[in-house]
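The values are calculated or read from the model by the stated rules, or taken from the named source; none is laboratory data. Note that the structure is a prediction, hence the values are computed from the model and not measured. Here the Cβ positions follow ideal geometry from the backbone for every residue, glycine too, while neighbour counts run over all protein chains shown.
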Amino acid sequence: MLKTFPKGGIHPEENKLTSTKEIKKLPTPKIVYVPISQHIGIPSEIIVAKKEKVQIGQVIAKSAGFVSSNIHAPVAGTVTKLDKIIDSSGYKKQCIVIKTDEKDPSNYEDIVYPLKTEIILSPKEILQRITDSGIVGLGGATFPSHVKLNVNKDKKIDHLLINGVECEPYLTADHRLMLERAKEIVIGVKILLHALHIEKAIIGIENNKKNAIQNFKKLTKNDKGIQVASLAVKYPQGGEKQLVRAVLKREVPKNRLPLDVGVIVHNVGTIYAIYQAVQHNKPLIERVVTVTGKKLEDPSNYWVKIGTPIQNLLDEVGGIPENTSKILNGGPMMGKAVKDTHAPVTKATSGIVLIADDEASRGKAINCIRCGECVYVCPMGLEPHLLMNLTEKHLWERAKSEDIMTCIECGSCSYVCPSHRPLLDYILFGKKLSKN
Amino acid sequence: MSDSILNSIILLASLGTIAAVVLYIVSKKFYVYEDPLIAEVDDLLPAANCAGCGSPGCKAFAEKLVATDDISDLFCPVGGNEVMKSIANLLGKEVNEKEPMVAVLLCNGSCEVRPKTTQFQGPDSCAISAMIFSGETDCQYGCLGKGECVDACDFEAMYMDKETGLPVIITDQCTACGACVAACPKDIIEMRPKNKRDLKIYVACMNQEKGGIAKKACSVACIGCSKCLKVCPSEAITIDNFLAYIDADACTLCRKCVEVCPTHAIIETNFPPKKVKVKTHFNASPSQSKVELKTENDA
Amino acid sequence: MPTTIISASPHVHSSRTSKRLMYDVLIALSPAFLVSIYVFGIGALLVTAVAVASCIFFEFVIQKYLLKTAITITDGSALLTGVLLAFNLPSNLPIWMIIVGSLVAIGIAKSSFGGLGFNIFNPALVGRVFLLISFPVQMTSWPTAIENQGKLVDAVTGATPLGIVKEGLQMGETMTSLASQIPSNMDLLLGITGGSLGEMSALALLLGGIYLLIRKVISWHIPIMMLGTITLMTGIFWLVNPDLYASPMFHILTGGALLGAIYMATDLVTSPMTRKGMVIFAVGIGVITVVIRLFGAYPEGVSFAILIMNAFVPLINTYFKPRRFGSKIKTKIV
């Protein structure tokens, strides 16, 4: 029996069209739009001025608090504007606009660093490097990594969990990274084990990525501390709490973090970024993005500089095919529908998914037939139908006592609802208003 | 036979007696003294329970009026000055006369002038749609057109105009309770003084983009050209973030700004037609002008 | 209309729809329907056609002229109510009674609560129980099976096996002396017996039940727990005194036990939402059914039992919630 989390979950069509496509390098864009709020927490503070020349990897916005992160220049060039630019949410957000210096070779060279296995830095230095390099959780939550790693001494950590689940349909960015940069990721894991003073790490990978599992098993044969756990395919296994439950059979208590049961969870993408930062002092300025869609001729995976307009990616795969009605920033279960394709790629963008009109349109919502399917699939044991009802009636206190705040927004309830009710829309709204 | 009749009479009678005794005891024991003034003030209030005064209902407002010494800050928007005056007389306290207000929609982006570029699928709720994205048009400041303000209105003073996709405020019925202002997630409904004969001049736009971008999204957007600013004799107009705002207190209703506005973003209501006609988009929809005609006749 | 669509996540949807669920139940009911046509002939067809037509008609009239809401007669729910109502009626019931039953089912049990999804009681069962109480004679004189094939009028009527047992035991007879009057278990399984339209063949009903389980329209909890409770309870009585109480096999195969367990109690709208709640609900139905059958005035108690437990569903939903992730756990917090 493969491991998985016991309660709830769904099996959407996988559609991993790009799992065999090697990660290509996207040509450097002429202009990048770098939002200053790419992470959870306080937006960063801009420290460059208009018309200032910046080098690649230079800090352009400084962390503005503990739960915040540095932002680096993804290209060398000139800051042309500090303006509000429409982002994936459809609203205008503060951005730093940099015009790429086309004469600067650092923008175009593709440095493949030689593998550096030796870990020289001390734990303290490693944490500082991670903080400085602006690394955030690349799985989608974009929680600043240094905050996660800054463990209080009274907490006892015994496991580092590496999230290579990638349970979202369509997306293959993590899968490809695990195949192509496996050695680096293993060293990244060792770096974190060293920094956290712990010995055990488990890499959790869903069983639909058999080659990645084998790859890691081969590489970690001699490392007793690092194990590979193959997991049954089920959405939302990539959720932190679900993953901890699936791999270690530990249930994170309500309103607590995995830290409270002795586990730290990091995405494979984050681990790779940590490797780059610690071993090669390279800040987080690019990430892997899957550009995919059923109607696309050549869906693929790309190394993309942060701040590249989504339009550049779409141009690279041959433009938007006909009858496309939704362009998603992220996967189809949790991604955001993008209004304007000039919105930039951020640290959170794991994929750009194009959905054709026959799938994109939502069915007409009809009455709830109380089938209980939403209750059955909810991985958090909530009652989505009830939460929607309470939100509709603005009963925030009731909604709170029904644990609306523990919802992980995976969208399983909306996915299965036979009456096409917008359950998650209401729950998101309820969460927002229950906070106050 | 007679036994069963007798039995049932006795049973019912004793039940009734017990209930009466219990009720009597309870009413004595749990009696709460209430100032008779509160009931009197409550009678004077309009009993709309709209919460426009800030209290959760008319009774609560009456209690507050009786309890507070200085009631000059308190105001019942539905009852208006008359009701407040009579309450003040009853309580022997002072009230300030307030100018009657009316809700005004600061967006004129009808379907015609502000084309939709995307299609929203989800609940018919402005608040939820605003949470998910910026709106179906390219203007992130304007009306979303789901009509949550209309639902919030207790006085049937609003309706959705199907042609323009915007809510319409029936000024005669509006009590300025503020429910629509609170319901709107885009903050495009403002309370403005009603003035004499409901004469109003205001900028019907909230777009804070640069002129070109604003104009591209909506042809009646304020582009921040500051023509109105220059022509205004009473310095009532300010421009912030490429958006003009007319201070209702300073405005003398001279209508000079309406004439110079290149995008017709400044709207005048209920003025008699000028000799040189100014074409405004606001009067384009038939239902809108009907409402205005009605108010004009009334005036 | 702009083609770019914006909505909140998720952006894909499973292929399950309410409509498909309704039609799946109809497909599952078709073997039982064929059996009833074979057994009762044209009468079965007529009863079903009238019930379905009047249910849809009333739904349309009420939605269009009374409630003035959107017309939803195509969602299959009124159609399903009509079929289920017909399956609970004898094949020789006067047509006007069927129409009255449909009016009660759609008008009172469904629309007055707010339409699809808001009804507390199973509409078809409310219609059936209303008819049973109002017209007990017509509702309990069932045409006996074999003799009536192809006939519409002048049918020979008789009691159901459950009725025979109940009456016989009350007259002081024993199970052994009644054995010759009741059909064999094999006959009950195939459906060659008297009764309402849909309760005929246990085999056909089971077949439909398996289809529903495979299509995941219903979960096993309600049918298995309800039938299990009936088996257990009647089994205990039977073991104590096989002369006074019929065997559990007999109780499962006769009457509406299977129809109720697979199609009526599992009605999505009127059953609990959690698996825990479903178990409580099904056990309750089982207990009440057995109590009515063995000690009550009516020979059959499934409809009453389901309706009584329907009333408890809101309560069950409130008290048997799913376990919240991360609550009441033993995991040590470090």
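For this structure, a couple of remarks:
- Criterion applied to A:Gln311, A:Gln279 was being within 14 Å of another protein chain (Cβ to nearest Cβ) and not hydroxyl-bearing (Ser, Thr, Tyr), and the one residue passing it is A:Gln311.
- Any hit, segment C:60-73, residues being crowded, with 24+ Cβ neighbours inside 10 Å, in the same structural domain as C:Arg128 (by TED's automatic domain parsing) and assigned to a helix (DSSP H, G or I): no
- One residue from C:Tyr263, C:Tyr245, C:Tyr298 being away from every other protein chain (no Cβ under 14 Å), farther than 26 Å from C:Ser219 by Cβ and either at pLDDT 90 or above or touching a Lys or Arg at 6+ places or on another chain (Cβ under 9 Å) (or both): C:Tyr298
- For segment B:78-107, a residue qualifies if it is under 17 Å from the mean Cα position of the chain (by Cα) and either aliphatic (A, V, I, L, M) or buried (at least 21 other Cβ atoms within 10 Å of the Cβ) (or both), and the qualifying residues are B:Val78, B:Gly79, B:Met101, B:Val102, B:Ala103, B:Val104, B:Leu105, B:Leu106, B:Cys107.
- Filter result for A:Pro344 (within 29 Å of A:Ser412 (Cβ to Cβ), in contact with a strand residue (DSSP E or B) (Cβ under 6 Å, 6 or more places away or on another chain) and at pLDDT 90 or above): no
- Out of A:Lys103, A:Lys116, A:Lys148, sole residue that is surrounded by fewer than 22 Cβ atoms within 10 Å (Cβ to Cβ), in a helix (DSSP H, G or I) and at pLDDT below 90: A:Lys148
- Matching residues in segment C:1-25 - criterion: being at the interface with chain A (Cβ under 7 Å from one of its Cβ atoms), assigned to a loop (DSSP other than H, G, I, E, B) and not β-branched (Val, Ile, Thr): C:Ser7, C:Ala8, C:Ser9, C:Pro10, C:His11, C:His13, C:Ser14, C:Arg16
Conditions tested, residue by residue: (1) farther than 26 Å from A:Asn312 by Cβ; (2) without any contact (Cβ under 8 Å) to a residue 60 or more places away in the chain; (3) of a type outside the set (A, V, I, L, M, F, W, C); (4) outside any strand (DSSP E or B).
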{"site": "A:Pro6", "(1), (2), (3), (4)": "yes, no, yes, yes"}
{"site": "A:Glu13", "(1), (2), (3), (4)": "yes, no, yes, yes"}
{"site": "A:Pro29", "(1), (2), (3), (4)": "no, no, yes, yes"}
{"site": "A:Val32", "(1), (2), (3), (4)": "no, no, no, no"}
{"site": "A:Ser37", "(1), (2), (3), (4)": "no, yes, yes, yes"}
{"site": "A:Lys51", "(1), (2), (3), (4)": "no, yes, yes, yes"}
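- Of the criteria (1) crowded, with 20+ Cβ neighbours inside 10 Å; (2) over 30 Å from A:Asp298 (Cα atoms); (3) more than 11 Å from chain C (Cβ to nearest Cβ), which one A:Glu392 fails: (1)
- Residues (buried (at least 24 other Cβ atoms within 10 Å of the Cβ) and over 15 Å from C:Gly286 (Cβ atoms)) located in segment C:210-245: C:Ile218
- Among the residues making up segment B:90-141, those that are hydrophobic (A, V, I, L, M, F, W, C), within 14 Å of chain A (Cβ to nearest Cβ) and more than 30 Å from B:Leu199 (Cβ to Cβ) are B:Phe120, B:Ala127, B:Ile128, B:Ala130, B:Met131, B:Ile132, B:Phe133.
- Selection within segment C:160-215 - of a type in the set (Gly, Ala, Ser) and touching a residue at least 40 places away in the same chain (Cβ under 8 Å): C:Gly163, C:Gly191, C:Gly194, C:Gly195, C:Ser196, C:Gly198, C:Ser201, C:Ala202, C:Ala204, C:Gly208, C:Gly209
- Of residues in segment A:326-365 being basic (Lys, Arg) and within 30 Å of A:Ser68 (Cα to Cα), the one surrounded by the fewest Cβ atoms within 10 Å (Cβ to Cβ): A:Lys336
- Pairs, first in the same structural domain as C:Glu300 (by TED's automatic domain parsing) and surrounded by 15 or more Cβ atoms within 10 Å (Cβ to Cβ) in segment C:132-152, second modelled with pLDDT of 80 or more and of a type in the set (Asp, Glu), C-beta under 8 Å, six or more apart: none
- Single condition A:Ala399 does not satisfy, out of (1) aliphatic (A, V, I, L, M); (2) more than 7 Å from chain C (Cβ to nearest Cβ); (3) within 22 Å of A:Ala337 (Cα to Cα): (3)
- Checking A:Gly335, A:Gly363, A:Gly411, A:Gly331 one by one, the residue that is facing chain C (nearest Cβ under 10 Å) and on the phi > 0 side of the Ramachandran plot is A:Gly411 and no other.
- Selection within segment B:82-122 - among the basic types (Lys, Arg) and assigned to a loop (DSSP other than H, G, I, E, B): B:Lys93, B:Lys98, B:Arg114
- Matching residues, segment A:244-270, being among the small types (Gly, Ala, Ser) and more than 9 Å from chain C (Cβ to nearest Cβ): A:Ala246, A:Gly269
- Residue that is surrounded by the most Cβ atoms within 10 Å (Cβ to Cβ), among those in segment C:289-310 that are assigned to a helix (DSSP H, G or I) and of a type in the set (Ser, Thr, Tyr): C:Thr289
- The requirement of being under 30 Å from B:Ala217 (Cβ atoms), touching a His at 6+ places or on another chain (Cβ under 9 Å) and not assigned by TED's automatic domain parsing to the domain that holds A:Ile191 is fulfilled nowhere in segment A:104-111; no residue meets it.
- Residue match in segment A:228-243 (condition: crowded, with 24+ Cβ neighbours inside 10 Å, part of a helix (DSSP H, G or I) and more than 14 Å from chain C (Cβ to nearest Cβ)): no
- Test for A:Val263: is it farther than 17 Å from A:Ile135 by Cβ and of a type in the set (A, V, I, L, M, F, W, C): yes
- Where helices (runs of 4 or more DSSP H) sit wholly within segment B:123-235, none has at least 1 residues that are over 21 Å from the mean Cα position of the chain (by Cα), surrounded by fewer than 18 Cβ atoms within 10 Å (Cβ to Cβ) and among the acidic types (Asp, Glu).
- Spans of helices (runs of 4 or more DSSP H) in segment A:333-436 with at least 2 residues among the aliphatic types (A, V, I, L, M): A:373-377, A:384-392, A:423-434
- Breaking point among (1) at the interface with chain C (Cβ under 8 Å from one of its Cβ atoms); (2) within 28 Å of C:Met264 (Cβ to Cβ); (3) out of contact with any His (no Cβ under 9 Å at 6 or more places or on another chain); (4) in contact (Cβ under 8 Å) with a residue 60 or more places away in the chain, for A:Val416: (3)
- Residue list for segment B:152-170, filter: among the aromatic types (Phe, Trp, Tyr) and touching a residue at least 12 places away in the same chain (Cβ under 8 Å): B:Phe155
- Pick from segment A:53-64, criterion aliphatic (A, V, I, L, M) and in a strand (DSSP E or B), ranking: nearest to A:Glu102 (Cα to Cα): A:Val54
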